[in-house]
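Laboratory data are not the source of any read-out in this text; all were calculated from the coordinates shown. Please read all numbers here as calculations on a predicted model, not as lab measurements. Neighbour counts are summed over all protein chains in view; Cβ atoms, including those assigned to glycine, are modelled from backbone coordinates with ideal geometry.
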Number of protein chains: 2
Amino acid sequence: MELKRAAEGEKGFEKVFAFLRERLLAGSLKPGDRLISERELATQLGVSRPIVREALRALTVLGIVEIRDRIGTVVTRPDVSVLNDFFTFALAQQADMLDDVMQARVAIECQAIRLACERANIADFERLQRALAKIGETIDEADAGGMADFEFHRAIVVASHSETLTVLHGSMAGLLTHSHRSRRELVQAFPSMKTYLIDDHRRIFEAVIARDPERADATLRKHFAIGDEYRRRALVGDMDKTSASR
Amino acid sequence: MELKRAAEGEKGFEKVFAFLRERLLAGSLKPGDRLISERELATQLGVSRPIVREALRALTVLGIVEIRDRIGTVVTRPDVSVLNDFFTFALAQQADMLDDVMQARVAIECQAIRLACERANIADFERLQRALAKIGETIDEADAGGMADFEFHRAIVVASHSETLTVLHGSMAGLLTHSHRSRRELVQAFPSMKTYLIDDHRRIFEAVIARDPERADATLRKHFAIGDEYRRRALVGDMDKTSASR
DNA sequence: GGTCTGATCTTGGTCAGACCAGTATTATGA
DNA sequence: TCATAATACTGGTCTGACCAAGATCAGACC
């Protein structure tokens with residue numbers, strides 16, 4: 001009846017999706033709300049239950065809604081995992097995108113560190129310090145070291161107190177950790193990397209503590225650039241004698 | 001049979017989704033490929049067709065796949081619209097997120113402009129120049145002016161030749177255009193904004209032409225900051241008497 | 001032989017009704 | 001009154017069916 005009116009032009013899936021979309025966007029469906037049952041939704045919209053399920057499933061993968069078995073469907077707060085999925089799929093099909101995603105990561109972190117300089121509180125500083133310490137402790141371990149590295153960078157983004165930046169950064173986590181790990185494997189190759197990793201992160205930390213956005217940004221950028229340089233060298237030649245390979 | 005093996009633990013929807021996900025991520029399903037029919041998929045995976053449809057629909061809203069009526073299901077190149085949807089939903093439920101998304105936008109554009117300084121070609125320069133000219137021409141029109149402004153910024157991101165940055169930036173397009181428009185409405189309020197808009201964009205353009213990443217980044221950042229300041233003033237005090245505002 | 005045309009197969013789009021397994025609620029009995 | 005058991009939900013899934021329209025191929029026509 002009146003429910004149908006809201007989404008008359010479309011049919012089937014589109015109708016249900018549009019109907020729910022409207023409520024979601026209008027705010028009449030807020031996080032925490034429980035939707036009416038699938039059957040009821042079906043009869044009210046004049047479609048079959050499988051169609052309703054399609055729409056609900058669609059909203060589920062978008063992270064808008066959560067279907068709880070034998071409980072009901074509830075609206076959730078938008079979640080990271082969507083972007084995560086998206087980026088994972090996107091990158092799987094375009095491997096050359098990895099460098100590209102790295103650019104996005106740099107973009108986000110550099111902005112985040114600027115915000116962090118303004119907004120970070122004691123707790124953020126402490127988290128950064130812990131991560132920094134961890135990097136020092138695990139400097140010789142590939143896995144733990146990569147993890148520590150990642151934690152440090154994540155701490156920066158968290159300290160920005162920007163949900164969007166955090167979400168975006170987190171969505172690339174899977175890919176980033178991979179890249180971090182492979183970087184970590186270079187530690188054995190280039191002994192100089194140890195000091196690079198430790199000193200660089202410390203300098204970044206200090207810039208944040210000093211609440212100096214420009215310096216923090218610049219230092220972080222340099223950090224990324226040096227990392228790139230190491231990786232490049234590792235590609236061109238193995239270790240030292242680098243002339244033969246190509 | 002052998003297909004089932006790939007996704008045994010899960011059941012129903014999860015099974016199908018995992019099965020397809022695996023193929024997608026492994027690369028055995030590439031953009032352009034046509035999937036086998038829903039019925040066949042259902043029998044091969046030992047589930048019913050509605051369940052298969054749920055999975056396909058899920059992939060559809062993720063922009064991974066496209067269901068073509070009476071044709072079949074084909075793998076597509078990941079598309080912006082997903083992120084668009086996500087951000088739209090996310091922001092609808094947390095209006096305070098808008099400022100936050102702006103931060104992400106700044107992050108992306110500032111990184112993009114750095115890349116643009118390195119990678120931009122003649123065509124990119126021309127596009128930027130056209131957008132710049134448009135800004136001058138439409139300085140007194142709210143709608144067209146906002147569009148021109150948006151085009152200029154988009155041209156910057158496009159000139160970065162980074163798909164990821166472009167996608168991310170595009171995904172916020174809806175929100176950004178809104179913000180751009182409201183900014184444009186300030187033009188009438190602050191006559192000084194005209195010169196600000198024109199000169200700022202020209203300076204940005206020049207920095208890109210000069211291929212000076214640092215200057216471009218800094219100029220762009222300043223541009224955003226000034227825009228913020230104008231908006232702030234518009235909020236605090238009306239129009240001219242702005243001495244109180246700071 | 002080559003091309004056009006129509007029957008048939010296949011595809012997605014949808015529906016109706018049914019069963020299961022647990023949850024939430026309610027009615028019942030102590 | 002309270003604890004327990006029956007009942008009415010919920011999501012999760014399956015089966016089988018119908019429709020409309022693109023895809024295909026056989027046969028008719030040029």
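Observations on the model:
- Listed residue (B:Ala159, B:Gly170, B:Ala234) projecting farthest to the positive dipole end of segment B:82-239, Cβ model: B:Ala159
- The mean number of Cβ atoms from other chains found within 10 Å of a Cβ in peptide A:154-166 is 3, as a whole number.
- Rounded to the nearest whole angstrom, the semi-axes of the ellipsoid equivalent to segment B:2-75, taken from the Cα gyration tensor as √(5λ), stand at 18, 14, 11, largest first.
- Residue-wise HN-Hα coupling along segment B:225-235, computed from phi with Karplus coefficients 6.51, -1.76, 1.60 (Hz; x: Gly, Pro): 4, 5, x, 4, 4, 4, 5, 5, 4, 4, 6
- Dipole-positive endmost among A:Ala58, A:Val47, A:Gly72 within segment A:2-75 (Cβ charges, Cα centre): A:Gly72
- Take A:120-126, B:21-27, B:86-92, A:213-219 and order them by the average number of nearby Cβ atoms within 10 Å per residue, most first; the result is B:86-92, A:213-219, B:21-27, A:120-126.
- Take the Kirkwood radius over Cα pairs of segment A:98-145, plug it into Stokes-Einstein at 10 °C and 1.306 mPa s, and you get 127 µm²/s for translational diffusion.
- Table column - 3J(HN,Hα) (Hz), segment B:120-125, Karplus curve with 6.51, -1.76, 1.60, x for Gly and Pro: 4, 10, 4, 4, 5, 4
- Computed packing ranks the peptides A:100-113, B:198-211, B:149-162 as A:100-113, B:149-162, B:198-211, most packed first, by mean other Cβ atoms within 10 Å.
- Average partner coverage of B:133-146, which counts Cβ from other chains inside 10 Å: 0
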